[in-house]
Structures are given as C-alpha cells and as structure tokens.
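To keep things clear, I will list the structure first and then write my remarks on it.
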C-alpha cells in the first residue's frame, strides 16, 4: 500500500492544499520526492535454529575475552599498586628526613643541657653549694659495661638525726 508522494519542504496540510496548485506547471522543482511504502511483516512462523557449533564458538570467545580482561585488570592493578608504593616510599623518606633532623636538634639541645658549667651556674643561682669532701660516694662499676645493672647494698648506712 503506497502512501503516495510527499512534498519534502511542506507540511502535509500545505501539501494537500497545494495539490491542485502542484498540478499546474511551476517554474521550479522543490526537491526529490520521497515515497514511503508500509508493509506488514509477520515473523511469527519463523523459527530460530540452534547451532551448537556457533554456540561453542561464542562460549570460547566469551571465555577468552574474560581471561584477557582478567589479565588486563591484574596488570592495571599491579601498575597502580607500584605507583601507590612509590608515593608511599617518598612520603616515608620525607618523614624519615624530618625525624633525623628532629633527632639532631634534640641531640644538640641535650648536649647544651648537659653542659656542666651551665648546671653549676644554675645551681649557684638557686643557692646550692658544691659538695664537701666525703659527701659524694661513687658507685662501683661492674666490669667495663657502664649500662649493666648494679646490686644495691645496705652496708655503711648511717642514720643522722635532725635533733641533737
């Protein structure tokens, strides 16, 4: 069933109104006429034929494609992990450098605080006096290791009473 010739530049109502005028000779052609045919197709009786060979081919293709996808994902995961580890290493190097700098500053401060002349000057400002002979008793060192534990002894203890 043919719908007929339509005017490509006019609406349908204009085309019908001007159909009588279109029969008269016009000096200029508007364009290529478009012809539409409507045809009803009934595919209800068409059956799909199952092809096991084609199904096997599609299954093997899907399997190989999924294996390829897994390999690509593993590669991408390793690549991004390597980049992440690189950033983490750089961050840890920066933290290590900051800790080393802080450690050197603390060692410098410790050495300035352990200065005996400074300690002596502070003690004299507080009204302390140097010890007299016999007030200082040195502990015995065990061997050459100065960090080894020392057993406490209770001999030569004198009790000094405050009231005389």
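Each value in this text was obtained by applying a stated rule to the coordinates, not by laboratory testing. Note that the coordinates shown come from a computational prediction; the quantities given were computed from them, not determined experimentally. Note that we place each Cβ from the backbone using ideal geometry, even for glycine, and neighbour counts take in every protein chain shown.
In terms of the Cα gyration tensor, with a ≥ b ≥ c the square roots of its eigenvalues, is segment 60-146 rounded because a/c is under 1.5, prolate because a/b exceeds b/c, or oblate? Before the final figure, lay out the partial values.
Details: a/c = 8.62, a/b = 3.73, b/c = 2.31.
Prolate.
Distance from a point 7 Å along Cα→Cβ of residue 73 to each backbone N in segment 44-63: keep the residues under 17 Å and list them by number.
62-63, by backbone N distance to the label point.
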